[in-house]
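J.: Have a look at the structure that comes next, please.
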Amino acid sequence: MSTTTITASEINKLRQQTGAGMMDCRKALVESNGDFESAIDYLRKKGQKVAALRGDREAKEGVVIAQTTDDKQTGYIINVSCETDFVSKNAEYIAFAQSIMDAAIANKVNSVEELNSTKIGEETIADKLNEQVAKIGEKISVSRFEKLEAPFVASYIHGNYRMGVLVGLNKENAEAGKDVAMQIAAMNPIAVDQSSVPAETVERERNIAIEQIKAEGKPAEMAEKIAAGKINKFFKESTLLAQAFVKDGNKSVSDYLNSVDPELKVLSFKRVALG
């Protein structure tokens, strides 16, 4: 190994450039004989090792960002996850997550794999994430990625970046889009309407209802009829358009949309929450 002298100013410069710890920066410069590019590569390699070692750690905290393109026809949700709320509430971490969202929009990415290979400056997002692992010491990744396209997309971020919602409408209406997005955030529907609930979900609910009815000692011939009532209740509580509107419990979401514009339709939605 070379006896190259590493100065405090060089260590500080590398620390400022990479965000890594002082001792890690010193070791990187020593191992790289003072060469900055090699030292940065050394730290990246260390970050990758740290990421692998922490692969089994749970990352239930983080930042969820929902945002649309300028034309409001495409929306994205990303969850940049970490292990503690101390990290997720840090302004620098939120800004880092926003930089990933900006890259997603600018490059029109379609998947988390494509996003990780997208560059911010000269580095890929995957490299940026590994640098954050080395800097912060927690498991950090883009754990959720959603994209939605429609004639008009509304976005909503709830609870200090703890949940993001996208709503696709058949025509532009920003106020209704926000109201419906808030509905989705609060009530967590499983589908837009009854017809879009997966058949296996309906069958599972029906089987559960029938078993509950039998356990109550009701006659078998009544089970199907009672189960049908329970399924209807399930649709009313769990599908967006049938739910009671959170801003006015006397009307459904469908009633609300009809009052705004009879031609206004919800086409689809996405909801991502921490935990």
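Rule-based calculations on the coordinates, nothing more; no lab input. Everything numeric here is computed off the predicted structure, so don't read it as measured data. Reconstructed Cβ throughout: ideal geometry from the backbone, glycine too, with neighbour counts over all protein chains shown.
J.: Out of (1) 1.10; (2) 0.92; (3) 1.34, which label holds the value of Cα Rg over 2.2 N^0.38 Å that was computed here?
T.: Here Cα Rg over 2.2 N^0.38 Å agrees with entry (3).
J.: Go ahead and estimate [θ] at 222 nm for the chain from helices alone: -39,500 (n - 2.57) per DSSP H run with n ≥ 4, summed, over the residue count, rounded to 500. The partial results should precede the final answer.
T.: Details: 11 runs with 136 residues, N = 275.
Using -39500 (n - 2.57) per qualifying helix, the result is -15500 deg cm²/dmol.
J.: So which residue, out of ILE231, ILE213, ILE136, gets the largest mean-square fluctuation from a GNM of the chain using Cα contacts under 10 Å as springs?
T.: Among ILE231, ILE213, ILE136, the largest mean-square fluctuation in the Gaussian network model of the chain belongs to ILE213.
J.: While we're here: May I ask you to evaluate 6.51 cos²θ - 1.76 cosθ + 1.60, the Karplus curve with θ = phi - 60°, for each residue of region 246-257 and list the ³J(HN,Hα) values in order in whole Hz, giving x for glycine and proline?
T.: Values per residue, Gly and Pro as x: 5, 7, 7, x, 7, 9, 7, 4, 4, 4, 4, 4 Hz.
J.: Right, here's the next one. Extension gain LYS233-ASN207, at 0.36 nm per residue separation less the Cα-Cα distance, in nm? List each step's numbers first, then the result.
T.: Details: separation 26, 0.36 × 26 = 9.36 nm, distance 1.47 nm.
Taking 0.36 nm per residue and subtracting the Cα distance, the gain is 7.9 nm.
J.: Could you work out how far helix 220-238 tilts from the main Cα principal axis of the chain, as a 0 to 90 degree angle to the nearest 10?
T.: 50 degrees
J.: With a 10 Å radius around each residue's Cβ, average the other Cβ atoms per peptide and rank 192-203, 255-266, highest first.
T.: Listed from highest to lowest mean packing, they are 255-266, 192-203.
J.: How big is the dipole moment of the chain about its Cα centre under a simple scheme where the beta carbon of each Lys and Arg is +1, that of each Asp and Glu is -1, and everything else is neutral? Debye, nearest 20, please. Could the numbers behind the result be given before it?
T.: Numbers: 36 positive and 40 negative charges, 113 e Å.
The dipole of the chain has a size of about 540 debye.
J.: Round to the nearest 0.05 the FRET efficiency obtained for ALA273 and THR4 when R0 = 35 Å and r is the Cβ-Cβ distance.
T.: Working: r = 50 Å, r/R0 = 1.44.
After rounding to 0.05, the efficiency reads 0.10.
J.: Name the residue from GLN194, ASN170, ASN258 whose Cα lies farthest towards the positive end of the charge dipole of the chain, charges +1 on Cβ of Lys and Arg and -1 on Cβ of Asp and Glu.
T.: GLN194
J.: Next question. Under the rule a/c < 1.5 gives rounded, and otherwise a/b versus b/c splits prolate from oblate, where does region 93-165 land using the Cα gyration tensor? Provide the component values of the computation, followed by the final result.
T.: Details: a/c = 2.26, a/b = 1.37, b/c = 1.65.
It is oblate, given that a/c is not under 1.5 and a/b is not larger than b/c.
J.: Next question. With r defined as the distance between the Cβ atoms of SER195 and ILE94 and R0 fixed at 30 Å, what FRET efficiency is calculated, to the nearest 0.05? Don't skip to the end; give the middle numbers.
T.: Numbers: r = 39 Å, r/R0 = 1.29.
FRET efficiency, SER195 to ILE94: 0.20.
J.: Let's test the formula: R0 of 35 Å, r as the Cβ-Cβ distance of MET222 and ALA186. What FRET efficiency results, to the nearest 0.05?
T.: The computed FRET efficiency comes out at 0.50.
J.: Cut-off under 28 Å on the C-alpha distance; same-chain residues fewer than 8 positions from LYS247 excluded. Which lysines are left, in chain and number order?
T.: Partners found: LYS72, LYS147, LYS171, LYS178, LYS230, LYS233, LYS236, LYS265, LYS270.
J.: Cα axis of helix 199-215 to longest principal axis of the chain: angle in degrees, 0 to 90, nearest 10?
T.: Between helix and principal axis, roughly 60 degrees.
J.: Could you tell me which trypsin sites (Lys or Arg not before Pro) in region 154-208 are loop residues by DSSP with no more than 13 other beta carbons within 10 angstrom of their beta carbon?
T.: Details: sites: ARG162, LYS171, LYS178, ARG204, ARG206; in loops: ARG162, LYS171.
Filter output for region 154-208: LYS171.
J.: Moving on. May I ask for the angle, rounded to the nearest 10°, between helix 8-18 and the longest principal axis of the chain, with both axes built from Cα atoms and the value confined to 0 to 90°?
T.: With both axes taken from Cα atoms, the answer is about 20 degrees.
J.: I need the shape label for region 161-275. Rule: rounded when a/c is under 1.5, else prolate if a/b > b/c, else oblate, with a, b, c from the alpha carbon gyration tensor. Spell out each step's value before the answer.
T.: Numbers: a/c = 2.62, a/b = 1.99, b/c = 1.31.
Verdict is prolate for region 161-275.
J.: Same structure again: Which aspartates and glutamates have a Cα lying under 13 Å from the Cα of LYS27, excluding residues fewer than 8 positions away in the same chain?
T.: Straight-distance partners of LYS27: GLU10, ASP35, ASP41.
J.: Right, here's the next one. When 1/r is averaged over all different Cα pairs and the result inverted, which Kirkwood radius in Å belongs to region 61-187?
T.: Values: mean 1/r = 0.0671 Å⁻¹.
In region 61-187 this quantity evaluates to 14.9 Å.
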